[in-house]
Each structure stands twice: as structure tokens, then as C-alpha cells.
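Every read-out reported here was derived from the displayed coordinates using simple, explicitly stated rules and does not represent laboratory data. Everything quoted here is computed from the prediction, not taken from an experiment. Virtual Cβ from ideal backbone geometry, glycine too; neighbours counted across all protein chains shown.
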Amino acid sequence: MPAVSMAIGIIVAPMIPHAGIILTSLIVCILMAWLLHRWALVQSMAVLLCFFLMGMLVGQRAERPHRHQQKVPSLTAQRPLSRMERVQQRCLDYRQTLLDRYRTSSSADDEYAVLAAMTLGDKSALTKELRETYSKTGASHILALSGLHLGIIYLLLFRLTLGRRRFWLSQVAIILSIWAFAFLTGLSTSVVRSATMISIYALFSVGGRHRSPVNILCFTAIVMLLVNPASLFDIGFQLSFSAVLAILLLMPLFESFFPEHYFEGRPLQHYIYNMVGLSVAAQVGVAPLIAFYFGRFSTYFLLTNFIVIPAATMILYGALLVVMIPSLAPVLLGFVGILNKALGWVSQMPCASIDGLHPSVLQICLLYVVFFCVYFSLRILQRVPPIT
């Protein structure tokens, strides 16, 4: 049945314009959310709808080159923008308005460059020196919009809608908000990847039943590889999924080192544990790849994450306030300046990074094999239940 559903999607896709694909996908997502909320035994129907969507994406991608061959635009005539392209253009125009607002409120180029990169995905103003500072301290990930930024926005929206009567409707609203932000930032590959993962997670959460994070991660990877198989060789794709997979596998293992209910009534200790655990787990997942592609290892990554993750949260929340109250922009830019100075101080510390690393592909594979062997050994010793 999944194969039949996917085949139907592939057949139907060429009959629907590109804007219709987006609208159909949204309708199918809302239908899945409603079904999962009303009936607990319709997972199979939701899976069939997912395969139908995947088929439409594959069919639309296969049809696009054929359409371009049939309709070659002349040099003198311009093709009118489609509805979806007009929406994207309006989002980009509003993005430019916000960038201009940042620029007029900024007294330093570095503050503007970091704020534009972190909130709107515009990295054109980042200087080589600023990129080097963030790279040396292991904070480059906050300059590229990714799952960290969208996850912060998702948590804020989730808390604002927590306790609402129509939970499935609030999740649909969150998904729409996430994709609105993705359109505003230009639909970069990393943002689309993260928005897709969060959307799938939100849909699975509607039924109020157990969600398998690893299965959701694998399903997201399959969808993205079906749409664009070349993503497998994209550095951002590899880093994102390696970091998330390492976090999902290692965090339960780290929790097993503490007695049950140890963190109840200890919010500060719980926060420190989460920061250390997430930082170490993510570093285990991406360190070999970073060494392979960039030849560098940041030794103070724990200290850096204690600085940049709370700062990124405050900056994103502040950016939402600036949209409503533009006069707060100088305050936000001043906070970004403090972040830049803090990371500049970390980058000047002795042995801030180890450079000149050039491991081979075989060495990288062996490193991951060792990591998995250590992980499974510790899980057996600690009697941690498997992550499904």
C-alpha cells in the first residue's frame, strides 16, 4: 500500500502546478494532524498520506526539467511570476526591510553582520576575521540558520500554545509559523531541512502518544533524500543529522549516570547537565566530520556553548520583539556586541583550537565505529533501554 500511495502521488504531481503542490501538502498535513488527534488507530492512514506526499515531491522534481525543456523563455519576454514566487518575493522584500532597520540602528559592522546572519540568514556582511573568531571558538553553527534556531522558535511557540483546548490546531499553527520564518529567511537548504524535521515531529506529537525521535529523524532523512539524493553529500546535511543522532543516542545514556529523579527541585543543576550533555553529544557526532572537512577541533567548545546557546535564545526572542517594537533594535545590537567580545576573548585563550587535522575517510569511519562500540558497551553496562 505505501508503494501504491507513492505511485499515485508521482502520477498526480505533473497535473498540479507548483503552488498547488504546496497547498496540497498543507491540506494533507492538516488532515494527518486531525486524523491522529481524533483516532489513535489511523497511523497506517497517516503513513499512506506521507508516502503520497513523497510521491508528489518526487514527481514534481522529475517533471520540472521536462517543463523547462518545453517552455524556453525568450530573451525579450519575461515570464510572469507564479503565486508562490510572488509570496517568496514579498518575504524577501520584508526581509530587506528588517535588514535596513538593523543597519540604521547599528553603530558597528560586526554587530549588524552577526544579527543579520543569526536572525535572517544573511551572511554577506560577515568579515573574514569575524568568521575566523566564531570558527576558532566552535561557534560557527549559530551564524548559520539551522535546527538550533528553529528549535528555539518552536519551543517558544509550543510554550505559548501549551494548554490550549485544540492541541492539533495549535500544532498546525506552529508548523505554519515555522515555514513562514523559513520563507522569510530565503528557504536555505539548512532551514528547509530543519523545518521539515520539526514539522514531522509536530505532526507525530498531535496524537499524544509516544514519539520515536530516531524514527522521525530517519523518516526526515528519507524524505529529503528522495527529494534531492545529492543532499547525502552536502556538508550541512551530514553535520545536522550526525549531531541530532548523537544527541538522541547519548542523552539517555548520560541520564543513566544519575539516580532517578535526581534533578527534581534542582533547576540549576538540570540546566548545567543539559548544556554539558548536549554540547558533548553534538561534538561527538560532528567532531570527526569537522576535522575531515575543515581540519580543526575547538578545544573550548563547552565554554563556548555555555555562552552562545543562551545568547542565541535571547537574540532570537529579541528579534521577534524588534519586529513589533523597532526602537529596541539598538539594545539587541548592543547585546550582540557583548557576545562578539566574549567570543573574541575565548579565541585569544591558549590552545583555543587544534589546526592542521587531515584524517582520511578510513580514519573517520573507524572513529565512528569506535564511538558506536563504546556507546553500545556503556548502554549494556548501564542497562539503558534501546532508543527506538
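Multiplying the residue separation of VAL214 and LEU232 by 0.36 nm and subtracting their alpha-carbon distance yields 4.7 nm. Amide H contacts of LEU357 (H built 1.01 Å from N, in plane; Pro and chain starts excluded): ARG296 sit under 5 Å, all sequence-distant by 5 or more or on other chains. If you take the square roots of the eigenvalues of the alpha-carbon gyration tensor of segment 214-333 and sort them as a ≥ b ≥ c, do you get rounded (a/c under 1.5), prolate (a/b over b/c) or oblate? Since a/c reaches 1.5 but b/c is at least a/b, the shape of segment 214-333 is classed as oblate.
3J(HN,Hα) along segment 222-239: 5, 4, 5, 6, 5, 5, 8, x, 5, 4, 4, 9, 7, 4, x, 4, 5, 5 Hz, from the Karplus curve 6.51 cos²θ - 1.76 cosθ + 1.60 with θ = phi - 60°, whole Hz, x for Gly and Pro.
Rounded, prolate or oblate: which fits segment 102-153, taking a ≥ b ≥ c as square roots of the Cα gyration tensor eigenvalues, rounded meaning a/c under 1.5, else prolate when a/b beats b/c? Oblate. Each peptide in 127-138, 82-93 receives the mean, over its residues, of other Cβ atoms within 10 Å, and ordering these scores from highest gives 127-138, 82-93. For VAL370 and ILE272, a Förster radius of 22 Å and the Cβ-Cβ distance give a FRET efficiency of 0.20, rounded to the nearest 0.05. Give the shape of segment 175-228 as rounded, prolate or oblate, defined through the alpha-carbon gyration tensor: a ≥ b ≥ c are the square roots of its eigenvalues, a/c under 1.5 means rounded, and otherwise the shape is prolate if a/b is larger than b/c and oblate if not. Taking the square roots of the gyration eigenvalues as a ≥ b ≥ c, segment 175-228 is oblate. In terms of packing, defined here as the mean over residues of other Cβ atoms within 10 angstrom, the peptides 364-371, 118-125, 251-258 line up highest first as 118-125, 251-258, 364-371.
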